[in-house]
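The values are calculated or read from the model by the stated rules, or taken from the named source; none is laboratory data. A quick note: this is a predicted structure, and the numbers were derived from the prediction, not measured. Using ideal geometry, Cβ is built from the backbone for each residue, glycine included, and neighbour counts are taken over all protein chains shown. The area values use the complete protein model at the heavy-atom level, side chains included, leaving out ligands, DNA and RNA. Shrake-Rupley method; radii C 1.70, N 1.55, O 1.52, S 1.80 Å.
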Amino acid sequence: DSTSISFSYIEILGTYINDCLGPNDSRHSSDEAVAIGETMDGRAVVRNISSHVVQSSEELSTLVERAKSLRSTAATEKNATSSRSHGIGIITCTDRKTNIEGSLYVIDLAGSERSGDTKEHDKERMNETKAINASLSTLKDCIRARTIASQTGMGGN
């Protein structure tokens with residue numbers, strides 16, 4: 001087969017990024033910290049994450065389930081196992097002959113919570129909730145800005 005398929009999975013919890021499929025749940029040293037950046041042409045790039053070649057849909061499914069099981073969760077008023085992080089699965093297909101690759105990012109956002117649902121939260125859970133809600137608001141602003149830019153011909157890809 002001339003195509004290689006690989007899978008990676010990270011979680012973003014506040015300002016911390018974890019490679020859920022990395023060695024030892026990827027608690028990297030600061031020299032190897034997972035980092036998200038952008039190339040000069042606007043493509044997202046994630047550095048210092050593990051990548052796992054998959055040969056079948058079953059292998060991919062197993063990796064997805066393993067990664068999901070390692071995401072940060074905690075009990076909230078509405079959900080006994082609420083995701084406290086955003087999860088990002090990255091499926092990369094590479095043509096071995098041309099070395100051209102494409103990536104599909106599948107994102108599972110942590111759920112937002114209304115302030116009325118957080119009355120019984122401790123300080124740590126309240127801070128997590130604030131960080132989740134702030135990041136969701138930032139994402140909304142980014143999507144809105146990209147949409148406006150593409151509608152006005154100002155460089156949306």
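Quick check: from the Cα gyration tensor, does segment 28-91 come out rounded (a/c under 1.5), prolate or oblate?
Oblate.
Could you rank Ile91, Ile107 by how accessible they are, 1.4 Å probe, largest area first?
Ile107, Ile91
Go through Thr3, Thr76, Thr98 and list them by solvent-accessible area, largest first, probe radius 1.4 Å.
The residues order as Thr98, Thr3, Thr76, largest area first.
Within segment 80-112, report the trypsin sites (Lys or Arg not before Pro) that DSSP leaves as loop and that have at most 13 other Cβ atoms within 10 Å.
Taking segment 80-112 and a limit of 13 other Cβ atoms within 10 Å, the loop trypsin sites (Lys or Arg not before Pro) found are Arg96, Lys97.
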